[in-house]
Amino acid sequence: MNWNRYLIAPLVLCIAYLIFTVLQYDKVKDQNEVLQKANDALFKVQLNNALSSFEMEVNDYTYRSMLANVSNAAVLSELTTFEQANDDLDISLNNLYIALREDKSKDLTLARIDELRNIFTMLVRNPASKTATERMNWITDETFFDNKNE
């Protein structure tokens, strides 16, 4: 009878440990889902902010707002589910930020503000839009990367 205690006690401890581990896993999984939803929502806010800044008349203030909003969206995009669906999302936003920031391409990029506004409208509707990122890459390729006015 004594040997049953020695056998049952470790078995009960192992089962308790497994139950605890499963419960912790579910808790962490739920927390990750909440965090992912928050990242996605914050990214959508940044896209809306960028769209708003592209809809204003360009002056020093709105230009700095554009830079900040595009930069914030580029950084946040890597943390979203939209990046998982569209691998070029972070790259295209980062390249747009560079094209806006650099003197050699700033004016060329700003000259295409109507196109950028349309792109950000598409991104607000569908943050994983591959069409929007392709168009954004096309603009940055023409204004920054292939700039002949160096």
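What follows draws every value from the coordinates through simple rules; no lab data is involved. What you see is a predicted model, and the numbers here were worked out from it, not measured in a lab. Please note: Cβ atoms are built from the backbone with ideal geometry, for glycine as well, and neighbour counts cover all protein chains shown.
Observations, loosely collected:
- Sparse packing (at most 12 other Cβ atoms within 10 Å of the Cβ) combined with a DSSP loop state is found for the following trypsin sites (Lys or Arg not before Pro) in region 60-150: Lys148.
- Around Val70: net Lys/Arg minus Asp/Glu count, Cβ-Cβ under 12 Å: +1
- Whole-Hz Karplus values for region 80-87 come out as 9, 6, 5, 5, 5, 7, 9, 5 Hz, taken residue by residue from phi with 6.51 cos²θ - 1.76 cosθ + 1.60 and θ = phi - 60°; glycine and proline positions read x.
- Classification of region 103-150 by its C-alpha gyration tensor yields a prolate form. The axis ratio a/c (a ≥ b ≥ c) is 1.5 or more, and a/b outweighs b/c.
- Sites Lys27 and Asn4, calculated FRET efficiency, Cβ-Cβ separation with R0 41 Å, nearest 0.05: 0.75
- Prolate/oblate/rounded label for region 33-104 (Cα gyration tensor, a/c 1.5): oblate
- Degrees separating the helix 2-55 axis from the principal Cα axis of the chain, which is the longest one: 10
- Each Cα pair under 8 Å and six or more residues apart adds its sequence gap; the mean of these over the residue count of the chain is a relative contact order of 22 percent.
- Region 41-111: GluC sites (Glu not before Pro) falling in loop per DSSP and having at most 11 other Cβ within 10 Å: Glu57
- Comparing Asp87, Asp40, Asp26 in a Gaussian network model of the chain where C-alpha atoms under 10 Å apart are linked, the largest mean-square fluctuation is found at Asp26.
- ³J(HN,Hα) computed for each position of region 56-61 - Karplus, 6.51 cos²θ - 1.76 cosθ + 1.60, integer Hz, glycine/proline x: 8, 5, 6, 9, 4, 5
- If you count Lys pairs in the chain whose Cα atoms are under 17 Å apart, skipping same-chain pairs closer than 8 places in sequence, the total is 5.
- Lys, Arg +1 and Asp, Glu -1 on Cβ, resulting dipole of the chain about Cα centre, debye, nearest 20: 760
- Tensor-based shape of region 1-74 (alpha-carbon gyration tensor, a/c under 1.5 rounded, otherwise prolate or oblate): prolate
- Considering only Ile15, Tyr97, Tyr63, and ranking their Cα positions along the charge dipole of the chain that arises from unit charges at the beta-carbon of Lys, Arg, Asp and Glu, the one farthest toward the positive end is Ile15.
- Under a Gaussian network description of the chain, with springs only between Cα atoms under 10 Å, the residue in Thr80, Thr109, Thr21 that fluctuates furthest is Thr21.
- Entry for Cα extents along the principal axes in Å (calculated from the structure that is shown) out of (1) 85, 39, 21; (2) 48, 37, 33; (3) 90, 28, 24: (3)
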